[in-house]
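A.B. asks: Pasting in a structure now, in structure tokens, and then I'll have a few things to ask.
The values are calculated or read from the model by the stated rules, or taken from the named source; none is laboratory data. Note that the structure is predicted; figures quoted are calculated from it, not measured. Ideal geometry is used to build each Cβ from the backbone, glycine not excepted, and the neighbour counts take in all protein chains shown.
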Amino acid sequence: MEQIKIIGIKELDNSEADTVNRLAREYYSKIQRAIKNITSLVIHVKAYNITGKRKQYEISVKIVAPTKSFDSKATEWELAKALHMALGKVERMIEHRFHD
């Protein structure tokens, strides 16, 4: 992947890792249209409260551009939903920051 770093992906199984990689690439291309010169996108995935087959996921996202950085965090029982929430928050922050 380009400048995407995913921390904690080794804790996930293969289907969860595929979901994280797919959504990271999808949002990276969207965000790259708004910020042409992204330095890095860091996604930190943490699974906790593992009860039986259920896990709660905490997703932290940090996007670094030369002039500004954007951070968000989301916690959810579904991995994809947590990723959408955290990456969506960052996307909205960027749109708000660069809105003319």
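A.B. asks: Run down ILE63, ILE50, ILE35 and say which single residue is of a type outside the set (Ser, Thr, Tyr) and more than 18 Å from HIS96 (Cβ to Cβ).
C.D. replies: Step by step, each of ILE63, ILE50, ILE35 is checked, and only ILE50 is of a type outside the set (Ser, Thr, Tyr) and more than 18 Å from HIS96 (Cβ to Cβ).
A.B. asks: Output the number of residues of region 25-47 satisfying the condition of being under 14 Å from the mean Cα position of the chain (by Cα) and either without any contact (Cβ under 8 Å) to a residue 24 or more places away in the chain or at positive phi (or both).
C.D. replies: The total comes to 3.
A.B. asks: Restricting attention to region 48-100, report how many residues are of a type outside the set (A, V, I, L, M, F, W, C) and either under 15 Å from the mean Cα position of the chain (by Cα) or in a strand (DSSP E or B) (or both).
C.D. replies: Residues in region 48-100 being of a type outside the set (A, V, I, L, M, F, W, C) and either under 15 Å from the mean Cα position of the chain (by Cα) or in a strand (DSSP E or B) (or both): 23 in total.
A.B. asks: Next question, about the same structure. Go through region 51-73 and report how many residues are closer than 16 Å to THR19 by Cα and buried (at least 17 other Cβ atoms within 10 Å of the Cβ).
C.D. replies: Qualifying residue count, region 51-73: 6.
A.B. asks: What residue, among those in region 74-92 that are among the acidic types (Asp, Glu) and closer than 15 Å to VAL20 by Cβ, is surrounded by the fewest Cβ atoms within 10 Å (Cβ to Cβ)?
C.D. replies: GLU78
A.B. asks: Then there's this: Being over 22 Å from PHE98 (Cβ atoms), free of Cβ contacts under 8 Å to residues at least 40 places away in the same chain and either of a type in the set (Phe, Trp, Tyr) or surrounded by 11 or more Cβ atoms within 10 Å (Cβ to Cβ) (or both) is the filter here, so list the residues in region 1-24 that pass it.
C.D. replies: Within region 1-24, LYS5, ILE6, ILE7, GLY8, ILE9, GLU11, ALA17, ASP18, ASN21, ARG22 qualify.
A.B. asks: Only one of these is of a type in the set (A, V, I, L, M, F, W, C), in a helix (DSSP H, G or I) and within 19 Å of LYS62 (Cβ to Cβ): ALA24, ALA17. Name it.
C.D. replies: Of ALA24, ALA17, the one residue that is of a type in the set (A, V, I, L, M, F, W, C), in a helix (DSSP H, G or I) and within 19 Å of LYS62 (Cβ to Cβ) is ALA24.
A.B. asks: Then there's this: Output the residue which, of all residues in region 30-46 that are surrounded by fewer than 18 Cβ atoms within 10 Å (Cβ to Cβ) and farther than 19 Å from ILE9 by Cβ, is modelled with the lowest pLDDT.
C.D. replies: LYS36
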